[in-house]
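S.K.: Could you have a look at this structure, given as structure tokens, before my questions?
The values are calculated or read from the model by the stated rules, or taken from the named source; none is laboratory data. Keep in mind that what you see is a predicted model, and the values were worked out from it rather than measured. Using ideal geometry, Cβ is built from the backbone for each residue, glycine included, and neighbour counts are taken over all protein chains shown.
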Amino acid sequence: MYEKSFPFVHLQDNPCLGGRVNLVSVNPTSYERYYMSRLIKLAAIAGASALVLSGCAGAANEETATESTLSGTISGSGASSMGSGQEAWIAEFQIANPNVTINYDPSGSGAGREAFTAGGVVFAGTDSYWKDEELALEFAACAPGTKPWEFPVWISPIAVIFNLEGVDSLNLDAATVAGIFAGEITMWNDDAITSQNPDLDLPELSITAVHRSDDSGTTKNFTNYLEKTAEAIWTAGTIETWPTEYGGEGAKGTSGVVDAVTAGNGTIGYADASKAGDLGTVAIKVGDGYVSFSAEAASKVIEASSLVEGRESYDLAYKIARDTTESGVYPIVLVSYLTGCNEYLDAEVATLVKAYASYIISEQGQATAASAGGTAPISASLREKAQAIIDAIK
């Protein structure tokens, strides 16, 4: 729970907001501008002067309320990676559906899957798809004998960031990135780097590689890329905890890594791309070219990836193609899934989950996530497949 709360969150049942805004965790530093912009847009549609001057948008709220017949409460938990997205999705969904309350606890992927399995929540967010042994369990929130669905809803590019005076961008292949973070490439004018950047005058300066000091899903996805593309160099495998034998400088959290890279000269690290700011970033070699991170390039990785074999049609678990050679695909991404029951014990819960999940994958919902968290919207093709799964929920 964040120590500071955004003031609008406490206006429970305030008619000027069209109903409850019940967010489990709100980060005002990343969310304030987004939320204010949404209020301004909503006010403009309903009549800004009436809302601002009278302090009450009762007429606008009455119109919204008559359009939505949904009511009730549902709770979910899981990945903190999509925490800002859940905050934004919940806010917009509850404004449009004032008699609905949605709670989301960003307790972490593993905790979310455990809570869902035990029946403590009716949906979950997770940074990894269900394992076969997990799917063999009974799911208390679901009808007996039924299994959960899952599909990606949050695609976040991970940028390789650096701070090198006079240099804004670099081209690097997987072997070079792995060599830097494994401590084998230690100077910026190493041939492995200069040969890929012939137009740059790189200095004879030591490289300081910065990594996460805490267990991290970002580290897990970054090292998965290194393992799949440069296994001979990166021998530690896919890990959440950085291996001490590779050295480097540790920093806690995304902000810690960004601060450490920013504070130095000759530093390099990895972080959520939305936090890269003015730091230099690396274009990754894919096939015969180099690809910089972007929403479009990150979303293409799902289309280049294959589904996990042996799964049912309602299970869109992807083996991310980190080693793809397809042009224009950025392979260093974190993909988070939404999961819930194909059949719920409570029909009212099923109705609410269907409505909320449909909103999350919609163009509006994905644009909301991109605004709040800098993510890449899912493709129209994936949206169509996910919507078919949602429509079949009972």
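Each row is one residue, and each column tells you yes or no for (1) among the aliphatic types (A, V, I, L, M); (2) buried (at least 21 other Cβ atoms within 10 Å of the Cβ); (3) in the same structural domain as A111 (by TED's automatic domain parsing).
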residue: Y225; (1), (2), (3): no, yes, no
residue: G247; (1), (2), (3): no, no, no
residue: V261; (1), (2), (3): yes, yes, no
residue: A304; (1), (2), (3): yes, no, no
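S.K.: Turning to a different aspect of this structure: Check whether at least one residue in region 148-170 is of a type in the set (D, E, K, R), modelled with pLDDT of 95 or more, assigned by TED's automatic domain parsing to the domain that holds S68 and surrounded by 20 or more Cβ atoms within 10 Å (Cβ to Cβ), and report yes or no.
M.R.: Checked against the condition, which is being of a type in the set (D, E, K, R), modelled with pLDDT of 95 or more, assigned by TED's automatic domain parsing to the domain that holds S68 and surrounded by 20 or more Cβ atoms within 10 Å (Cβ to Cβ), region 148-170 yields at least one hit.
S.K.: Among strands (runs of 3 or more DSSP E) lying entirely in region 277-345, which contain 2 or more residues that are of a type in the set (V, I, T) and under 15 Å from P157 (Cβ atoms)? Working first, answer last.
M.R.: Details: elements: 280-286, 289-291, 333-341.
In region 277-345, 280-286, 333-341 are the strands (runs of 3 or more DSSP E) which contain 2 or more residues that are of a type in the set (V, I, T) and under 15 Å from P157 (Cβ atoms).
S.K.: Okay, next question. Do you know which residues across region 176-210 are surrounded by fewer than 20 Cβ atoms within 10 Å (Cβ to Cβ) and touching a Lys or Arg at 6+ places or on another chain (Cβ under 9 Å)?
M.R.: Hit for region 176-210 is Q196, nothing else.
S.K.: Go over the candidates G110, G85 one by one and state the one that is in the same structural domain as L382 (by TED's automatic domain parsing), at pLDDT below 95, crowded, with 20+ Cβ neighbours inside 10 Å and not in a loop (DSSP other than H, G, I, E, B).
M.R.: G85
S.K.: Identify all residues within region 182-237 that are β-branched (V, I, T) and either more than 19 Å from Y129 (Cβ to Cβ) or modelled with pLDDT under 95 (or both); write none if there are none.
M.R.: Kept after step one, since they are β-branched (V, I, T), are these residues of region 182-237: 185-186, 193-194, 207-208, 210, 218-219, 223, 229, 233, 235.
Answer for region 182-237, where residues must be β-branched (V, I, T) and either more than 19 Å from Y129 (Cβ to Cβ) or modelled with pLDDT under 95 (or both): I185, T186, I193, T194, I207, T208, V210, T218, T219, T229, I233, T235.
S.K.: Still on this structure, I have one more. If you scan region 201-234, which residues turn out to be in a loop (DSSP other than H, G, I, E, B) and either under 17 Å from the mean Cα position of the chain (by Cα) or within 18 Å of K252 (Cβ to Cβ) (or both)? Full working, then the answer.
M.R.: First, the residues of region 201-234 that are in a loop (DSSP other than H, G, I, E, B): 201-205, 207, 213-216, 230-234.
Scanning region 201-234 gives S213, D214, D215, S216.
S.K.: Starting from region 166-189, keep only residues that are farther than 10 Å from I233 by Cα, then list their pairs with residues that are among the charged types (D, E, K, R) and at pLDDT 95 or above whose Cβ atoms are within a distance under 6 Å, requiring at least 6 positions of separation or different chains.
M.R.: D173/K285; N189/E204
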